[in-house]
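Since the structure comes first, as structure tokens, the remarks are kept for the end.
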Amino acid sequence: MGATSVLMQVSQQLRASLLALYDKHLASDGKSLDYKGLAADPDFEVFVSNTAELQKVDVASLNREEAMAFWINVYNILVVSELSPHTSACWPS
């Protein structure tokens, strides 16, 4: 499997998981996220576990657009994970 197809597969899986979590925990006005509810959701633990799949992406072989999309997605994943009370307890202050 080529780098682009691995990237697409991993990205699509994580994006779908994150969007499903947003659907459940984003306020109806779209202005806030229920991080406590997110952290308590078993699907969030699966999502965090699935982020390990990012290690399979050969970033060096990506073109500029693919690399930008990859790093933006990684950034978004890290922000959501860090702001979650469940995972932030695992990170040093």
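Give the Rg (one decimal place) followed by the Dmax (whole number) of the chain, computed from C-alpha coordinates and expressed in Å.
Values for the chain (Cα only, Rg and Dmax): 14.1, 41 Å.
By how many nm would the segment from residue 40 to residue 16 lengthen if fully extended, with 0.36 nm per residue of separation less the alpha-carbon distance? Before the final figure, lay out each step's value.
On the way: separation 24, 0.36 × 24 = 8.64 nm, distance 1.87 nm.
Once the chain is fully extended between residue 40 and residue 16, it gains 6.8 nm.
Compute the helix-to-body angle for 3-25: its Cα long axis versus the longest principal axis of the chain, expressed 0 to 90° and rounded to tens.
For helix 3-25, the angle is close to 10 degrees.
The numbers here are math on the coordinates, done by the rules we state, and not lab data. Quantities reported herein were computed from a predicted structural model and do not represent experimental measurements.
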